[in-house]
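Quick notes on the structure that follows.
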């Protein structure tokens, strides 16, 4: 089936709901027609479930659902495995099992991209028992040319286990544009960096200046800069776990203030954004989003100059 560049990109990077929606649209099938074709091939998936998969309200996780995705690829005439790999690993289930392992939560927070699991495995030891974020404060500076400048971050972290000496930071720009790099730090320094410039994504190991015992806290500061600054109209923070206090701030250069700015949030990249609230720059040309007990998900600011 012929694919547009946008469709091919969706199949490559996801998320699953977007790639599925575009595949269904390209095939010209209604969800009910898709349901009947799947049933004829031995996959029992209701039209309602297909609708939830397409909208991002849910993702296929059970073994029979994952088999249905493989059949779905045949019905939609897309390359075998192209949709299945966007789903990611199934979540563990049962009494006493947390909603997902830390690696699964990271994968879900970034929309289940196919390139991420191998990178996460490189930092498995640090990610399986990550330091808890008590407080997270970030300041994003927008330059006079409307391009994103530096990001200044302060975190108060608490070790979950003895001998904690690293934390992992994820960053993304857009495909083909190098992600921001950590250029300086206080009480931490950049260690190993795994970057995929073609995806505009990186994972950075921040090495703490001292090893923490379980329950011990440390305030760290670091600065990120974009090697190739791009014009931006939004900034968001992805939280894999709840944070006691999150405060995001975007500071615009004088005479570069937007005409409109709103805050928003989403549970996952596949979910609909909610909580749209209009905000205005203050006397320091800054807009803010501040949340106590910030839930896992995406918390962002969006602005426009026109």
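The values are calculated or read from the model by the stated rules, or taken from the named source; none is laboratory data. Note that the structure is predicted; figures quoted are calculated from it, not measured. So basically every Cβ, Gly included, is an ideal-geometry build from the backbone, and we count neighbours across all protein chains shown.
Points to keep in mind about this one:
- Whichever residue in region 147-175 is touching a helix residue (DSSP H, G or I) at 6+ places or on another chain (Cβ under 8 Å) and under 30 Å from residue 254 (Cα atoms) and, among such residues, is surrounded by the most Cβ atoms within 10 Å (Cβ to Cβ): 170
- The residues in region 145-175 that are over 17 Å from the mean Cα position of the chain (by Cα) and not in a strand (DSSP E or B) can be counted, and the count is 7.
- Yes/no for residue 178 being crowded, with 16+ Cβ neighbours inside 10 Å and touching a helix residue (DSSP H, G or I) at 6+ places or on another chain (Cβ under 8 Å): no
- Which numbered condition residue 214 fails, given (1) under 17 Å from the mean Cα position of the chain (by Cα); (2) assigned to a loop (DSSP other than H, G, I, E, B); (3) surrounded by fewer than 19 Cβ atoms within 10 Å (Cβ to Cβ): (1)
- Verdict on residue 112 being free of Cβ contacts under 8 Å to residues at least 40 places away in the same chain, surrounded by 20 or more Cβ atoms within 10 Å (Cβ to Cβ) and outside the structural domain of residue 294 (by TED's automatic domain parsing): no
- Number of positions in region 183-202 that are free of Cβ contacts under 8 Å to residues at least 40 places away in the same chain, outside any loop (DSSP other than H, G, I, E, B) and exposed (fewer than 14 other Cβ atoms within 10 Å of the Cβ): 1
- Scanning region 240-290 for residues that are closer than 28 Å to residue 17 by Cβ, assigned to a loop (DSSP other than H, G, I, E, B) and modelled with pLDDT under 90 returns 267, 268, 269, 270, 271, 272, 273.
- Residue 205 being outside any strand (DSSP E or B) and touching a helix residue (DSSP H, G or I) at 6+ places or on another chain (Cβ under 9 Å): no
- Of the residues making up region 25-36, not a single one is within 19 Å of residue 111 (Cβ to Cβ) and crowded, with 17+ Cβ neighbours inside 10 Å.
- Any hit, region 244-251, residues being surrounded by 13 or more Cβ atoms within 10 Å (Cβ to Cβ) and farther than 23 Å from residue 295 by Cα: yes
- Counted residues, region 70-118 - those being at pLDDT 85 or above and under 28 Å from residue 32 (Cβ atoms): 15
Condition check ((1) farther than 30 Å from residue 9 by Cα; (2) buried (at least 21 other Cβ atoms within 10 Å of the Cβ); (3) touching a helix residue (DSSP H, G or I) at 6+ places or on another chain (Cβ under 8 Å); (4) outside the structural domain of residue 288 (by TED's automatic domain parsing)) across all residues:
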| position | (1), (2), (3), (4) |
| --- | --- |
| 116 | no, yes, yes, yes |
| 127 | no, no, yes, no |
| 131 | yes, yes, no, no |
| 135 | yes, no, no, no |
| 140 | no, yes, no, no |
| 145 | no, no, no, no |
